[in-house]
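One structure follows; several queries about it will come next.
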Amino acid sequence: MDAVNPDYLAVRMLSENPGRLPAWMLPGNMLADRWPVLTSLYHGSLHAWTLAPLVALFGPSLELLRVSHALWGAGILLLLFICLRRGGAGTALAMVLVGLLALDPAFIFAFRSQLYITLAPMVFVLLALLCAARAQAAASLGARFGAALLAGLFCGLALYGYFIYAFFVPGVVAWLCWCQFASHRHPAVRTLLVLALGFGVGLALGAAGYLLGYGLIWNEEGGVEGLLAYLRGRTSELKAFEATPSMPEVLATFAAMVRAVLNGQWQARLMLGGDAPYAAQNLKLGLMVGVTGLGSVWLLWRRQATAWLGAAWLLMLSFAAGAMYFGDRLSGHHFSPVIVLAYLATGLVLSAVLRTFPAARRALLILALITAAVSVSGQAAIQQRLVATGGKALYSDAVDRFAQEAQHKRPNALHVFPDWGLFMPFQYLSAGKVDHVVVLDDRVLRAVCANREVVLVLMGADGLQRMPQLLAPLGLRAKAIETYADREGQRVVTAGVLAPDDEARCAAQRAAQQAARQANEQARALGIHWEPAQAHRCRLSSASLRWRLESHVSPSANVQVRARQPGESEFKLFAVGGPTDSAMIPDWVTEGTQFQFSDSVSARVLATITLLSDAQGC
């Protein structure tokens with residue numbers, strides 16, 4: 001599911017015919033039917049853009065997907081090392097902290113689960129910290145503007161990656177100001193204005209994906225009112241702005257989420273459907289809280305706290321404020337940045353402590369070895385369950401097996417995925433070469449009646465029970481069913497090859513198609529023409545209408561054009577033109593779209609055309 005969303009779009013971006021591949025996008029957010037902008041109101045398509053070059057070079061595979069995620073992880077490790085060194089940590093301590101993070105099951109399995117999309121943008125937050133620090137040493141206003149611009153740019157890119165990174169913006173701004181006041185006790189107003197301008201411009205550039213994406217929704221929905229109506233509907237579904245629970249409930253939720261993410265159990269629940277407990281799994285959390293909290297207080301009391309430790313606290317407090325505002329509307333994967341923050345803050349405290357008590361190195365080494373042992377134990381516990389189960393639900397290797405078999409057993413079949421999420425790994429793993437759609441409707445019936453092999457694919461243990469219920473309204477049945485189970489025997493994927501349950505239904509379909517062809521020929525004889533002549537079977541497209549109907553309308557009458565999409569019961573007014581006129585149709589035409597032409601004075605229907613399939617594969 002989210003472990004390949006939005007990465008799967010890389011296949012679509014590189015496809016020769018991207019329109020044939022379904023995509024989960026916001027309205028209008030697929031530029032030129034190929035380039036994704038926003039897949040959701042709260043995150044962009046950053047991972048699809050970064051994965052696309054690798055897919056172009058090596059082709060899509062599960063291994064390549066994991067390599068791409070590992071590159072994000074490696075970037076975080078490298079930048080954490082640099083931040084620790086800039087913050088005063090010695091090379092050895094920085095390497096130990098980075099090594100412990102690399103061993104941590106919370107970090108490793110974040111990139112094997114839904115958390116990868118919320119953890120990867122920490123790369124940009126760490127870069128923003130480093131750029132803000134550069135502004136302190138800049139010798140000119142131009143150099144400070146450039147450093148602030150880069151800090152804002154990286155914050156914006158992180159925000160485009162996922163909305164929770166907006167929580168860090170106040171912290172980075174505060175750190176930028178701190179650096180200026182640290183180097184200039186009373187910085188000139190002009191300097192602060194230059195920093196504000198640079199950061200603001202950079203932030204706008206980095207987050208431009210949101211500005212573009214929301215603008216595309218505005219265009220698609222017909223203006224400001226349409227955009228606001230769409231946003232109200234979606235935010236209502238997401239319950240994004242419901243009342244926040246009481247403060248004790250918020251604090252309890254915050255603590256529970258941080259604990260579950262830092263000990264790796266949230267990641268385990270996603271992949272395995274439950275916890276994978278291991279010995280001393282909360283020891284690391286206790287050590288980090290104790291070292292960071294008590295150590296920071298002690299360093300403040302001795303006036304030995306460093307500016308970089310202040311930066312870590314600014315980020316933690318800034319994130320905590322944002323997370324607490326949303327309360328229980330956030331879940332565990334939104335807290336993944338805490339994994340990196342915990343190691344950053346712990347390392348900065350330890351480096352300051354070691355400068356005062358260098359003899360503590362041996363004790364810290366022992367603690368590091370204990371922490372490493374706990375992490376290895378956690379890796380083993382989670383990996384053992386992964387080997388035993390192969391993952392659960394959309395994380396199961398049953399999904400991989402199904403996608404691979406589909407390419408070899410039924411490469412020419414049309415696969416139908418009405419359950420959300422399953423088409424994403426299928427599209428990626430099949431390299432987009434196997435036709436698939438995400439709606440079970442009359443077009444599927446027409447494909448079956450045209451003797452095309454069609455496979456209905458359902459997700460979950462109840463797939464066998466739901467399949468006949470879904471097929472009955474279309475008069476279809478599954479003539480052959482295959483199931484794909486996880487390694488513990490629980491059904492994950494159910495695939496049924498479809499056949500007509502009632503031949504009369506197919507006969508009626510063929511008769512309707514023939515009647516539509518005859519009506520189309522009559523419309524052409526009247527002087528109505530349309531391009532393209534036929535609609536694509538599995539994607540939306542634009543079209544143009546032209547008509548010459550002077551001899552068929554009342555004097556001084558206009559021609560009213562009404563449209564009806566498949567599944568709609570009534571025609572809706574689309575355009576009004578003269579007796580000889582034309583109309584352009586945006587990207588919502590598909591097989592079965594109908595246009596009705598009528599006299600505006602007498603209301604007499606002149607002709608009805610139906611866009612029939614071009615008979616090409618999806």
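The values are calculated or read from the model by the stated rules, or taken from the named source; none is laboratory data. The model shown is predicted, which means the values in this text are computed figures rather than measured ones. Glycine also receives a Cβ, built like all others from the backbone with ideal geometry; neighbour counts cover every protein chain displayed. We work out accessible area using only protein heavy atoms, side chains counted, and drop any ligands, DNA or RNA first. Shrake-Rupley method; radii C 1.70, N 1.55, O 1.52, S 1.80 Å.
For (1) under 24 Å from residue 421 (Cβ atoms); (2) modelled with pLDDT of 95 or more; (3) open to solvent by 70 Å² or more (accessible area, probe 1.4 Å); (4) in a helix (DSSP H, G or I), each residue gets a yes or a no:
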position: 467; (1), (2), (3), (4): yes, yes, no, yes
position: 496; (1), (2), (3), (4): yes, yes, no, no
position: 504; (1), (2), (3), (4): no, no, no, yes
position: 509; (1), (2), (3), (4): no, no, no, yes
position: 524; (1), (2), (3), (4): no, no, yes, yes
position: 529; (1), (2), (3), (4): no, no, yes, no
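Tell me yes or no: at least one residue of region 377-385 is under 27 Å from residue 566 (Cβ atoms) and buried (at least 17 other Cβ atoms within 10 Å of the Cβ).
Looking for residues that are under 27 Å from residue 566 (Cβ atoms) and buried (at least 17 other Cβ atoms within 10 Å of the Cβ), one finds none in region 377-385, hence no.
Let me ask something additional. Quick one: is residue 310 without any contact (Cβ under 8 Å) to a residue 24 or more places away in the chain, closer than 19 Å to residue 345 by Cα, part of a helix (DSSP H, G or I) and open to solvent by less than 40 Å² (accessible area, probe 1.4 Å)?
For residue 310, the condition - without any contact (Cβ under 8 Å) to a residue 24 or more places away in the chain, closer than 19 Å to residue 345 by Cα, part of a helix (DSSP H, G or I) and open to solvent by less than 40 Å² (accessible area, probe 1.4 Å) - is not met.
Of the conditions (1) part of a loop (DSSP other than H, G, I, E, B); (2) aliphatic (A, V, I, L, M); (3) within 25 Å of the chain's Cα centre (by Cα), residue 139 clears all except one; give me its number.
The failed condition is (3).
Evaluate region 412-424: report whether one residue or more is more than 18 Å from residue 24 (Cα to Cα) and out of contact with any strand residue (DSSP E or B) (no Cβ under 9 Å at 6 or more places or on another chain).
Within region 412-424 (the criterion being more than 18 Å from residue 24 (Cα to Cα) and out of contact with any strand residue (DSSP E or B) (no Cβ under 9 Å at 6 or more places or on another chain)), the answer is yes, since at least one residue qualifies.
Next up: Kindly establish whether residue 486 is of a type outside the set (Phe, Trp, Tyr), open to solvent by less than 50 Å² (accessible area, probe 1.4 Å) and modelled with pLDDT of 90 or more.
yes
Let me ask something else about it. Among the numbered conditions (1) out of contact with any Gly (no Cβ under 6 Å at 6 or more places or on another chain); (2) in a helix (DSSP H, G or I), tell me where residue 199 comes up short.
(1)
Where residues in region 39-62 are part of a loop (DSSP other than H, G, I, E, B) and closer than 17 Å to residue 118 by Cβ, which of them is least open to solvent (accessible area, probe 1.4 Å)?
Within region 39-62, the match that is least open to solvent (accessible area, probe 1.4 Å) is 45.
If you scan region 89-103, which residues turn out to be out of contact with any Gly (no Cβ under 6 Å at 6 or more places or on another chain) and either small (Gly, Ala, Ser) or over 12 Å from residue 368 (Cα atoms) (or both)?
Residues satisfying the conditions are 90, 91, 92, 94, 99, 102.
Among the residues of region 272-288, count how many are open to solvent by less than 50 Å² (accessible area, probe 1.4 Å) and more than 22 Å from residue 100 (Cβ to Cβ).
Matching residues across region 272-288 total 2.
Residue-by-condition table, conditions (1) buried (at least 18 other Cβ atoms within 10 Å of the Cβ); (2) assigned to a loop (DSSP other than H, G, I, E, B):
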| position | (1), (2) |
| --- | --- |
| 551 | no, no |
| 561 | yes, no |
| 569 | no, yes |
| 573 | no, no |
| 581 | no, no |
| 585 | yes, no |
| 602 | no, yes |
| 607 | yes, no |
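Next up: Just name the residue that is nearest to the chain's Cα centre (by Cα) out of those in region 87-98 that are assigned to a helix (DSSP H, G or I) and crowded, with 18+ Cβ neighbours inside 10 Å.
98
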